[in-house]
Each structure stands twice: as structure tokens, then as C-alpha cells.
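Worksheet for the structure shown next.
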Amino acid sequence: MNVLFKGYTFSHNRRFHTFGMVVLSLICPADGTIWCTRLFRICIYEAAVETLSRYQAKELGARRIRVNAIAPGPTATDFGGGIVKDNVQFRANVTALTALGRVGEPDDIGGVVAFLCTDAARWVTAQRIEVSGGMNI
């Protein structure tokens, strides 16, 4: 399996003596010969990460550690060969499907991660937070 991006962010809130963890994971197998389609594989991995984050939230909640999963929509990065960032037609198709009328930028995702690491998110745990600009609503 080729891990394209995976990150864990931990925060410590001294005022409330709580910890938080944000799970970010975008992974796909490196072997393109597997029988299932790439989209199918990504869906399986996303479901696994979401389930894992819920179980981690349950297990770690007693230690006041919060765990949330971020589900970013199409974002203009180099992920996937940069298709969202570089392919004008693909970008136009995504824009047409998004309520906010544009593709995501890295700062759109980073802002949500930063929020989850603040005192304001101290009561947020075991959540899958979609950051897609309202795609497919």
C-alpha cells in the first residue's frame, strides 16, 4: 500500500486538561492491478478511517482525548497527479457540483484542522467532518 498523505495532529488544552487528535488520511494501493476500481478502493479506505476514528474516540475519551476524521472534498493539490489543480475540465466539472462554486484549496482544509485543535472544539469528538464546499447536495 502506498501512503500518499497521512497525518495526525495532537493538541493539548491546558485550561481544560484535555487532548485532541485529528485523523487525516488519504491512501490508496500502489498496485493498479487489483481487481477493484480506484474509486472503490478509496471508498473502502475512507470508511475504515471513519470507523477507526469513532472507535479511537470511544477508547480514548476516558483520557479526554478527542478524535475526529476530516473528509476533504476535491482540493487543488498534487494528490491524484494534480488533476484538481491542473486539469481545467475536471476543475470545471467539480465546480459545477459544488454549492460554493469552486474547488477546495489547502487552506480550506487546514482551517478546519486548526479549529479542531482549539478550545472552541473541546466538545467535538467522534465526528466525520466533511469539508467539501457542499459538493453533491
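Computed from the coordinates by the stated procedures, all read-outs in this text should not be read as laboratory data. Note that the coordinates shown come from a computational prediction; the quantities given were computed from them, not determined experimentally. Cβ atoms come from the backbone with ideal geometry, glycine included; neighbour counts cover every protein chain shown.
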Item to complete: Give the residue, chosen from R66, R91, R54, R41, that is more than 13 Å from the chain's Cα centre (by Cα), surrounded by 12 or more Cβ atoms within 10 Å (Cβ to Cβ) and part of a strand (DSSP E or B).
Response: R66
Worksheet item: Taking the stretch 72-88, which residues are surrounded by fewer than 17 Cβ atoms within 10 Å (Cβ to Cβ) and either under 11 Å from the mean Cα position of the chain (by Cα) or small (G, A, S) (or both)?
Response: G81, G82
Discussion item. For the condition out of contact with any Gly (no Cβ under 7 Å at 6 or more places or on another chain) and touching a residue at least 24 places away in the same chain (Cβ under 8 Å), what is the one hit in V124, V131?
Written reply: V124
Worksheet entry | Subset of the stretch 107-137 [over 23 Å from A48 (Cα atoms), out of contact with any helix residue (DSSP H, G or I) (no Cβ under 7 Å at 6 or more places or on another chain) and assigned to a helix (DSSP H, G or I)] | D107, D108, G111, A114, D119, A120
Discussion item. Take the residues in the stretch 94-133 that are more than 30 Å from I65 (Cβ to Cβ) and among the small types (G, A, S); name whichever of them is surrounded by the fewest Cβ atoms within 10 Å (Cβ to Cβ).
Written reply: A96
